[in-house]
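Readers should treat all values here as calculations from the given coordinates under stated rules, not as data from a laboratory. Since the model is a prediction, treat every value here as computed from it, not as a measurement. All Cβ positions, glycine included, derive from the backbone under ideal geometry; neighbour counts span all protein chains shown.
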Amino acid sequence: MKTKMLKKLSILSLSLLLTSCSDTSSLSSISSSNSSASNSTSSVEVVDTTAPVITSVETEKTTYYTNEPFSISVVASDDQSDNLTITYTLTDPDGEEVQASEGEVTLTKDGQYQIVVTVSDESGNETDSDPLIIEAFDPYSHWTEEEESLMLESPGYIIPKGIDFKETTTVTQSVNLNDTVLGVIIDNTGMTQDQIADYNEMLVREGYAQNIYETSYFASTILNSTDISVYDKNIENDDYALLQSYYYNDDYKIEARKVTYVMSHEWDEEFVNATLTEDYSALVPAFSFAEDNEEGVIYLTDYNYIMESMGTIGAIQGKLFNVTIDEISSYLDTLTEFGYTDASLDDLINNETTMPMYMDMETYAMVMIQISSYLEADIPFYTIDIMCM
């Protein structure tokens, strides 16, 4: 009787070993007893050998900027495990493999990448996806030698190129009425609003920041243009790479130049001395805000590169933000006390501009300070343009 019972248990154990892995009862216990033997238990564990199934691997786009983080959408399942691990193997344009864990992926080299997704379960079973091909676009690697040469001549740096720039995009030098080269204009880009937003996000990743003060200024002074924005990036000291973009006649343009400026709550005497020379800066009274005005901004730009062709010895374009008319009136009084003529608050109020002038009778040095109001701007401001002759 005991021998027959053991044979039956052996047959039952074999049938458990042959049970499908999809059976949730992978661990079973069998107990038997008889009058001549004590209770005994036999346990059998079925090992998971089924690999996960990958249903889809997708990215939002097929081309990304270098240094642009993005996510890979993976749909995978496993009958035996709820905890799946996803890893990525990236083969870069040079053939080198890079491992990345689940989350955002960043591409660092210009060219084609191959991505293979590996999904593994808790038992170590793995499944690899088919290779996914995407392109990485380095914004500094897609200009012609001639275009790079124009940029390096002026403004002196390479401008990031957009993925969505058309093949007919042109790069030409920007000049003023006196044929002074100011920088370059990137024209005929054919950009949509969404593409512009994507381009501006790339600029931020490349170290640029939106300059809200210059954006307000140019939006108020450039005619027949819309969607004006200004981004800049510090090069060194007070020098900045500045990109001014706008729509003109339905064409999206970008002007690039190098500018030198300081921005502070207080008048920067050191910057004024260096830009105008100390002899002339001594003839320009400093502007100051009222003691209770903690939000005021003095924005001073070196304008010599624009005005020297017009015979000026020194020039500063100043902009005053978060300033009151009383503070402007007080400054006009200061200019009058110093010896400036034609410092008229009425002209400023009625005509939106006034131009006080000063002449040093010993040296015949002359200074003109044109003050204008732009009170309808997104951030209202006054300009205070200083020209020394």
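Sorted from longest to shortest, the spans of the Cα atoms of the chain along the three principal axes equal 133, 51, 35 Å. Computed on region 154-260, with alpha-carbon pairs under 8 angstrom and 6+ residues apart, the relative contact order is 27 percent. Where the centre of each part is set by its Cα atoms, how far does region 316-389 sit from region 110-144, in angstrom? With region 316-389 and region 110-144 each reduced to a Cα centre, they are spaced 59 Å. In this structure, D279 and T108 have a Cβ-Cβ separation that, at R0 = 51 Å, corresponds to a calculated FRET efficiency of about 0.50.
May I ask which of K109/K253; K109/K258; K166/K319; K61/K319 have a Cα-Cα span longer than 31 Å here? Going by Cα-Cα distance, K166/K319; K61/K319 fall outside the 31 Å limit.
The GluC sites (Glu not before Pro) of region 291-386 that DSSP puts in a loop, and whose beta carbon has at most 16 other beta carbons within 10 Å, are E291, E294, E295, E352, E362, E376.
Can you pull the Kirkwood radius for region 53-137, inverse mean 1/r over Cα pairs, to one decimal in Å? With all distinct Cα pairs of region 53-137 included, I get 13.3 Å. Rounded to the nearest whole Hz, the Karplus-based 3J(HN,Hα) values (6.51 cos²θ - 1.76 cosθ + 1.60, θ = phi - 60°) of region 354-360 follow the sequence 8, 9, x, 10, 9, 10, 7, with x at glycine and proline.
By the beta-carbon count within 10 Å of each Cβ, the least crowded to most crowded order of W143, W267, fewest first, is W267, W143. Largest mean-square fluctuation among Q193, Q370, Q317, in a Gaussian network model of the chain whose springs join Cα atoms under 10 Å apart, belongs to Q193.
Taking R0 as 30 Å, what's the FRET efficiency between E145 and N200 from their Cβ-Cβ distance, rounded to 0.05? Computed FRET efficiency for E145 and N200 comes out at 0.65.
In the chain, the calculated helix contribution to ellipticity at 222 nm averages -6500 deg cm²/dmol per residue, counting -39,500 (n - 2.57) for every DSSP H run with n ≥ 4. Each of M191, M355, M366 was scored by other Cβ atoms within 10 Å of its Cβ. Listed from fewest to most, they are M366, M355, M191.
Scanning the chain for DSSP H helices at least 15 Å long along the axis (C-alpha atoms) with a Kyte-Doolittle mean no lower than -1.0 picks out 2-17, 193-205, 325-338. For K233, the aspartates and glutamates whose Cα comes closer than 15 Å to its Cα, not counting residues fewer than 8 places off in the same chain, are E201, E206, E214, E255. Return the tail of the calculated pair distribution for region 154-260, meaning the percent of Cα-Cα pairs more than 21 Å apart. Result: 31 percent of Cα pairs exceed 21 Å. Each label was represented as a point 7 Å from its Cα along the Cα-to-Cβ direction; for S71 and I349 these points are 5.8 nm apart. Annotation for E45 and D378: the two label points, set 7 Å from Cα along the Cα-Cβ direction, are 6.4 nm apart.
By the Stokes-Einstein formula, at 1.567 mPa s and 4 °C, region 299-374 with its Kirkwood radius over alpha-carbon pairs has D equal to 96 µm²/s. Residues M151, M387, arranged from fewest to most other Cβ atoms within 10 angstrom of their Cβ, appear as M151, M387.
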